[in-house]
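Here the structure comes first, spelled out in structure tokens, and everything after it is commentary.
The values are calculated or read from the model by the stated rules, or taken from the named source; none is laboratory data. A quick note: this is a predicted structure, and the numbers were derived from the prediction, not measured. Virtual Cβ from ideal backbone geometry, glycine too; neighbours counted across all protein chains shown. Keep in mind that these areas ignore ligands, DNA and RNA; they rest on the heavy atoms of the full protein, side chains included. Shrake-Rupley method; radii C 1.70, N 1.55, O 1.52, S 1.80 Å.
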Amino acid sequence: MEPVAMHISNGIINGPVAAVFAAFALAALVVCVLRGRRDLDDRLAPLAGLVAAFIFAVQMLNFPILTAGVSGHLMGGALAALLVGPWVGALCVAVVLVVQALVFGDGGVAMLGLNITNIALLGTAASYLLIALLLRVVPRTPAGLAATGFVAGLVSVVVAALGFVGQYWLGGTVDLGGNLAGLAGTMVGVHVLIGVGEGLITATTVVTVATVRPDLVYALRRQGPATAAAPAAGGVR
Amino acid sequence: MAAGAGHVLYREGTSPVHRLPPEVKIAATVTGTLAVVATPRAAFWAFGGYALLVAVVAAVARVPAGWLLTRSLIEVPFVLFAVALPVLGAGERVDLLGLRLSVEGLLGAWNILAKGTLGVWASLLLAATTTTRDLIVGLDRLRCPQILIQIATFMLRYLEVLVGEARRMRVARLSRGDDPRFLWQARGLATGVGALFLRAYERGERVYLAMLSRGYTGRLPQPGGTGPAGPGQWLAGAVVPAVAVTLAAVAVVSA
């Protein structure tokens, strides 16, 4: 099943749909580049690199789920959105996908637009919207932040999986007949399980970072007075 | 996973393919892959042609066929997806080996297998002949936005920091009496994942500040040796994608 490697391989979705999504992904990435430039200061530049490296490493951990044939890996969109913000976050995930496609052949080069749309754009956007909403509602405690991270991680994975189902509905190369609902069911079911793993890793990482270096968590910047007192790059060490 | 100057898939060499500037190889890989994907799935002869092209490039680059085949195991998940299609697919059915299979599903499975495999081979050939550092230089010369180049550069440098830090934490756990085996190692890693991130960040931050103090302005100095590709090199690199595009065009027209 597709979730094993998560990235869509060449030939699964037809050419025209892939081209449309490539154009969409390109346009969205241009927006992210323009907005991200404003965010990327001395503190965020190395952090963005580390977030990308972390996601790169984490995407290699494959969870076996249910049977040997079905497994999946983490995506990291929620973590990126929490730590470096939606714009730079989407760029980080996109960079990971491009390098994986070029260097490891994980995900087809021609399907990059689809993969970037699902994992980098949909995943990050959904989780950031949730984060922005939840952080206003939940108490400002480590537990509240952990809950936010968990939910954002879980939802981002499921949204990305639904993105694939939508794309398959638009331009899957094989007509599954009435089985599209079955595909959607399998994808969501499997990805809820992966999402739990993603949520746990997102929550533990972000809580640890927020406890020791709250200045590094983008999502917390606009809150509380801590922002003004945030040290410059490396100032605390 | 240690992706430094030479990543795991890189094969040291001085073949003509190795010496081709990275931007030419990236452009060739992408164009070739697009041609393969655009080919109608029933044009079986065209896929044979692509496989032949891959074999020729591999021979010139001195990449052994066995290496290419073992590394393409990354594709196995998609093979499983493809195997399920003839059973799940709708429409007309044929009898094959005592099973009633969907024609549509069989063709679809072939489509995914052929295009996926050729794409993986193209990427593997690129990876085998190009260091990650060169890859970034190539993307930079192809006018990729600076912010992406910067993120990618840091990502590749910090991968080593991350792996090194994880190894140190493992040694620290072992020396305190932890005896992880096989899958149970994951537990120690999972509970320490936040700490790992922080430690790697603080090390990476020091690396970054050291770079800044040595005059880093957001762009690494271009490596000596190879300059940007000249017209001759672009022409040499265009041969393979040109053949692939021609095959695809013929296949589309005759379909």
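Some points to look at:
- Counting only helices (runs of 4 or more DSSP H) that sit wholly inside the stretch A:178-237, those with at least 1 residues that are buried (at least 20 other Cβ atoms within 10 Å of the Cβ) and modelled with pLDDT of 75 or more are A:180-212, A:218-221.
- Subset of the stretch B:190-220 [within 14 Å of B:Glu160 (Cα to Cα) and either more than 9 Å from every other protein chain (Cβ to nearest Cβ) or not in a helix (DSSP H, G or I) (or both)]: B:Arg199, B:Arg203
- Within the stretch B:55-73, tally of residues that are open to solvent by 20 Å² or more (accessible area, probe 1.4 Å) and farther than 15 Å from B:Ala242 by Cβ: 12
- Candidates in the stretch B:169-193 are the residues that are at pLDDT 75 or above and not small (Gly, Ala, Ser); of these, the one that is most open to solvent (accessible area, probe 1.4 Å) is B:Arg176.
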